[in-house]
Structures are given as structure tokens and as C-alpha cells.
Amino acid sequence: MKLRLTARALPLVPAAALAVALALGGCTSAPSERTPRTTPSSSWEKGAGAPEAAAFMKVRIPEGATEVEGAVRVQPQEKVYLLSFVTSERTAKTITEDLHPDHPLAVEGPSSSSLSGDGYRHLGLTPPQELKSVRTTSACPPCTGDSRRRHVQGIEIHVGEVPGDRVRVYLTAY
């Protein structure tokens, strides 16, 4: 069915357009003299470190691990738990397998996206997403039915080479 504008209906078109414009304009907020509400920022939980991050992730820090670092970042919607340590390749593989990753560890190019953001800088470490030849994967405990970690939404796993026959493990969870 074709809509035909008649001589009587034609003057209504501008009126209808004006009504729509006024209705939509009413939905926008007018400038206010009040100060704008700022978005809550993240902060670091005082006194929280590697033991708290490991406990949240249900990960045991390996015996003989060195350079153990951890922190908890409090964000508006959730907490992000960071844990890092240096261990053997074999131990890193065992820990990764225990987390039930979505995919095997694989080398990815440097990337800026990570749950940790630049959080590892807070620990004095280079963020894993800035490392060359870092192996990466992720785990979704609720997706795999990991009942020990059902409270964990997701875990990023990064394994980077360090001098010698050891690797640095980075675990980030929320």
C-alpha cells in the first residue's frame, strides 16, 4: 500500500517532525551547574598480596617459587586478583593444567588487552601483555564445572621466559 501525501496531509509533516524533535530533545539532560559525578576509580586493597590472590584462585604457590608477588585491585564492579612467581617449566605446566584452560598455552604477540591492565607494574613487573614470546591462555571455571573455583569468573594465564631454565607465571583472576 503506497502512502500518498494529499494537500491536506502535507502541512502535518513539519508539525509531526517538530513533535518528534521536541520529544527526543526532552530525553537529553540539560547542562547543570552542579559538579559532574565522577566514575569511581580502582584502588589497591591494603595488606592484600600473594596469599590472598592464591587463596581466591585456589592455587598453591609452588614450593621453591621465587619472586612471588601478588595484589588485589578493588574496582567499582569487582576485585581483580594478581599473582606472579618464577618457577620451573614443569610446575608452570602443572598449574596451568589444574586451572582447566579453554585452550593450550600459545604464543601471542604483545597485546594491550588484559584483565590485569597495567596492574603488574604496581608489583614492579613488566605486564605480561608487553612481553615477547609470552604464552597465554584463559580459564573459565564456571564453564568447565570447576567446583573448587566456582566463585571465580575467569582467569588469565601468562607464562613468560626468564633467564635460565625457569619461567614467570602470571595469573589474573576476577
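The values are calculated or read from the model by the stated rules, or taken from the named source; none is laboratory data. Predicted, not measured: the structure shown is a model, and the values here were computed from it. Cβ coordinates were reconstructed from backbone atoms using ideal geometry, including for glycine residues, and neighbour counts include every protein chain displayed.
Scanning for something touching a Phe, Trp or Tyr at 6+ places or on another chain (Cβ under 8 Å), more than 18 Å from ALA50 (Cα to Cα) and not small (Gly, Ala, Ser), does region 152-174 turn up at least one residue? Yes, some residue in region 152-174 is touching a Phe, Trp or Tyr at 6+ places or on another chain (Cβ under 8 Å), more than 18 Å from ALA50 (Cα to Cα) and not small (Gly, Ala, Ser). Among the residues of region 87-117, not one is basic (Lys, Arg) and modelled with pLDDT under 95. Does THR94 meet the test of being among the hydroxyl-bearing types (Ser, Thr, Tyr), out of contact with any Phe, Trp or Tyr (no Cβ under 8 Å at 6 or more places or on another chain) and in a helix (DSSP H, G or I)? Considered against the rule, which asks whether it is among the hydroxyl-bearing types (Ser, Thr, Tyr), out of contact with any Phe, Trp or Tyr (no Cβ under 8 Å at 6 or more places or on another chain) and in a helix (DSSP H, G or I), THR94 comes out as yes.
Screening region 112-174 for strands (runs of 3 or more DSSP E) wholly inside it with 1 or more residues that are in contact (Cβ under 8 Å) with a residue 60 or more places away in the chain and polar (S, T, N, Q) returns the ranges 166-173. Of all residues in region 127-151, those satisfying the criterion of being closer than 19 Å to ARG166 by Cβ and either over 17 Å from the mean Cα position of the chain (by Cα) or of a type in the set (A, V, I, L, M, F, W, C) (or both) are LEU131, LYS132, SER133, VAL134, ARG135. Residues considered: GLU130, GLU89. Of these, the only one that is surrounded by fewer than 18 Cβ atoms within 10 Å (Cβ to Cβ), closer than 27 Å to GLY64 by Cβ and in contact with a Pro (Cβ under 7 Å, 6 or more places away or on another chain) is GLU130. The set of residues from region 88-126 being among the polar types (S, T, N, Q) and either over 17 Å from ALA53 (Cα atoms) or within 13 Å of the chain's Cα centre (by Cα) (or both) comprises SER88, THR91, THR94, SER111, SER112, SER113, SER114, SER116, THR126.
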